[in-house]
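**Student:** Below are the structure tokens for one structure; questions will follow.
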Amino acid sequence: MLKNLDIAIKKVRRLPRINLSRRIMLGIRKYITGYPYYITVQTVSACNLKCKHCFINDYHTEIHDGVIRIMKMEEFTVFAERLAPMIRNASFFTFSTFEAILNKYLFQMMDLILQINPDIRFPFLSNSMELSEEKIRQLEKYPVSEVNVSMDGYTKETVENFKTEVKFEKIVETIRLLKTSSLKDVVAVTFVAHRDNIHELPDYVDFVHQLGVRRIYVNNVLTFTRNLAPLALYTQEGNSVAQALFDEAVRRARGHKISISIPRLKPKQMGCQTVETFYVDIKGNVAPCDFLGVTTPFTLWEKTTSNPPVIFGNILKTDPMEIYRSSEARQFREAHRLGRDLPVQCRNCIDAYGLMCSNRIHHTA
């Protein structure tokens, strides 16, 4: 009982003040029903870009067990049938941690999920290169909770130097199209902060304000391999220069009445909230996250580790709720909720230390 109370207090402290009551109610509902409120199915394990900081670029090389593929509709139908009891009790469903719009069946998949749970909502992530005006009009028909566009700077040179094959003008045009659609109030942007773009962050806040964006997420770059390590801003002692730029970005965001979420620059062992998602890869395997579904390397403090995947089961072979409620999966989640005695597979990942996305510091508008 005391352990459950400790977990509850820690989780409430981590929640953003925005929509706090709704988030608490979701947590209570999950605790009472024993179902996850967030499901991710990797309908696309591929991307249209080849960004050097993304772990999918190491598939078939360092990550030898990564599968690059797009799911067919008949496959997804089987997945949805297996997951139906869970879907009925979920609040959010994500179709990929990569570029979901690459799947030509995406909207048919949304229709199928809504047949199972008409109240579910769809968070949507995109680099915007494949997000045309026609597809935006289609997205308008669905209960999209957020359209999160990746944009890592406010100048063409900075953005295109960091992400391979991305077009800065296309990102800006996509945001403008979204702001003229019925999705205008759920548009957000994500800025991956690193050594070569951090100087732009304060002016970036002003720039996206002019585009009408009301929500900014800032991430630190996750260093998978040693060659990415020089890009990192975080250190064991912190980074006063980067922190000053973070603080200035927060000041400007408040002036524009924009909500902004910022990661730490000094590690604090907190555990990772991503493990609360019921994540299913394209083969039906259930893992704590997309990184741990394959043999992903992590580099932190000049040490690189690579552990075998953490697979709790496969939904095509075992009942999904049996997998979710298994002692192995529950213990994994509990370790992260408490923020101590973390699983060995997570000890070299920055998200366990408040340095990435799941434990950002939230500053509301």
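**Student:** Taking only protein heavy atoms into account and a 1.4 Å probe, give the accessible area per residue of the range 189-252 in Å².
**Tutor:** Values: 2530 Å² over 64 residues.
Accessible surface, normalised per residue, equals 40 Å².
**Student:** Could you work out how much longer the chain between ARG251 and ARG88 gets when fully extended? Use 0.36 nm per residue separation minus the Cα distance between them, nm to one decimal. Kindly include the intermediate steps, with their values, before the conclusion.
**Tutor:** Numbers: separation 163, 0.36 × 163 = 58.68 nm, distance 4.12 nm.
So the chain would gain 54.6 nm between ARG251 and ARG88.
**Student:** If you don't mind, there's one more thing I want to ask. I need the phi-derived Karplus couplings for the range 119-132: 6.51 cos²θ - 1.76 cosθ + 1.60, θ = phi - 60°, integer Hz, Gly and Pro marked x.
**Tutor:** 9, 6, 10, 10, x, 10, 10, 7, 8, 6, 5, 9, 8, 7
**Student:** Give the residues of the range 171-186 whose amide nitrogen is closer than 17 Å to a point set 7 Å from the Cα of PHE107 in the direction of its Cβ.
**Tutor:** Flagged as within label range: 178, 181-183.
**Student:** Project the alpha carbons of the range 249-362 onto their principal axes and report the range along each, largest first, in whole Å.
**Tutor:** 53, 34, 26
**Student:** Could you run the Karplus curve 6.51 cos²θ - 1.76 cosθ + 1.60 with θ = phi - 60° over the range 205-211 and give me ³J(HN,Hα) per residue in whole Hz, x for Gly and Pro?
**Tutor:** Along the range 205-211, the couplings run 4, 4, 5, 6, 4, 5, 7 Hz.
**Student:** So, one more: How high is the FRET efficiency between SER327 and ASP119 when r is their beta carbon distance and R₀ equals 30 Å, given to the nearest 0.05?
**Tutor:** 0.45
**Student:** THR318 to HIS64: extension gain in nm, 0.36 nm per residue of separation minus the Cα-Cα distance? Please report the intermediate quantities before stating the final value.
**Tutor:** Details: separation 254, 0.36 × 254 = 91.44 nm, distance 2.54 nm.
Separation in residues times 0.36 nm, less the Cα-Cα distance, equals 88.9 nm.
**Student:** If I stretch the segment between ASN148 and GLN210 completely, what's the gain in nm (0.36 nm per residue apart, minus their alpha carbon distance), one decimal?
**Tutor:** Numbers: separation 62, 0.36 × 62 = 22.32 nm, distance 1.69 nm.
Working it through step by step, the gained length comes to 20.6 nm.
**Student:** Explain nothing, just the number: relative contact order of the range 178-227, from Cα pairs under 8 Å at least 6 residues apart, as a whole percent.
**Tutor:** RCO, the range 178-227: 49 percent.
**Student:** In whole percent, what relative contact order does the chain give with Cα contacts below 8 Å and a gap of six or more residues?
**Tutor:** Taking the mean separation of contacting Cα pairs over the length of the chain, I get 18 percent.
**Student:** List the residues, sorted by chain then number, that are 5 or more residues from ASN220 or on another chain and whose placed amide H is less than 5 Å from its amide H.
**Tutor:** Residues meeting the amide H criterion: ALA193.
**Student:** Return one quarter of the surface area of the convex hull spanned by the alpha-carbon atoms of the chain, equal to its mean projected area, in nm².
**Tutor:** Directional mean of the projected Cα hull area for the chain stands at 16.7 nm².
**Student:** Sort 70-81, 284-295 by packing, meaning the average of other beta carbons within 10 Å per residue, with the highest value first.
**Tutor:** The most tightly packed comes first, giving 284-295, 70-81.
**Student:** Rounded to a whole number, what % of the accessible area of the chain do carbon and sulfur atoms account for, probe 1.4 Å? Show your work: numbers first, answer last.
**Tutor:** On the way: 8390 of 16150 Å².
Carbon and sulfur together cover 52 percent of it.
**Student:** Related question: Applying a 10 Å radius around every beta-carbon, put 352-360, 308-316 in order of their mean neighbour count, most first.
**Tutor:** 352-360, 308-316
**Student:** Distance from the Cα centre of the range 334-359 to that of the range 197-267, in angstrom?
**Tutor:** 21
The values are calculated or read from the model by the stated rules, or taken from the named source; none is laboratory data. Everything numeric here is computed off the predicted structure, so don't read it as measured data. Please note: Cβ atoms are built from the backbone with ideal geometry, for glycine as well, and neighbour counts cover all protein chains shown. Areas reflect the complete protein model, heavy atoms only, side chains present, ligands, DNA and RNA absent. Shrake-Rupley method; radii C 1.70, N 1.55, O 1.52, S 1.80 Å.
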